[in-house]
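What follows is calculated from the coordinates using simple rules that are stated; it is not laboratory data. It should be emphasised that the depicted structure is a prediction, and the values quoted were computed from it without experimental measurement. Don't worry about glycine lacking a Cβ; one is built from the backbone with ideal geometry, like all the others, and counts go over all protein chains shown.
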Amino acid sequence: MKTLLKFVPAALGLFMIACASQKTEDGILSTLFASPDDGNRSIVVVQLAENNVDYTGDCYDTFTIGGSSNTTLSPTNYYNVVMFGHSLDTERRKSALSKSTCSALGFLGSGVPTNGSTVNFKMYTCDPNLGQGGGACGTKILSAVGF
């Protein structure tokens, strides 16, 4: 009986943590749905490489809740709530919302889908070191974030 009583507080603690985690995720989801579509189509993040010449970047678009064919989201709330907006920008790293898709900005490929979380999106990359033909971040990409 004493052994059983030792495990009850631990089990109760795990249960409370699981419930709190679910409430946090639900709160984030309700915040993501808080505003209507504002016309933004992607989030662009670019940073100056260590050689101070090249740029590398990521772009995120096609935001959905629950999979690729379900409810769509504007990237604006995701950018402001999950990525903290411009608060992480520096002289070497800049981010921005764009009214263009990642492909229209010049990112290569069809985007790698992220699955396995509640919010899904496609991620694109520009990086001259990846051996992609024309993989460098072009002028549309750089101007989208203010470089």
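Worth pointing out:
- Residues that are crowded, with 16+ Cβ neighbours inside 10 Å and touching a Lys or Arg at 6+ places or on another chain (Cβ under 9 Å) were ranked within segment 74-95; the one that is farthest from residue 37 (Cα to Cα) is 75.
- In segment 40-81, the residues that are outside any helix (DSSP H, G or I) and aromatic (Phe, Trp, Tyr): 55, 60, 63
- Residue list for segment 106-123, restricted to those being outside any strand (DSSP E or B), touching a residue at least 24 places away in the same chain (Cβ under 8 Å) and under 16 Å from residue 63 (Cβ atoms): 107, 111, 115, 118
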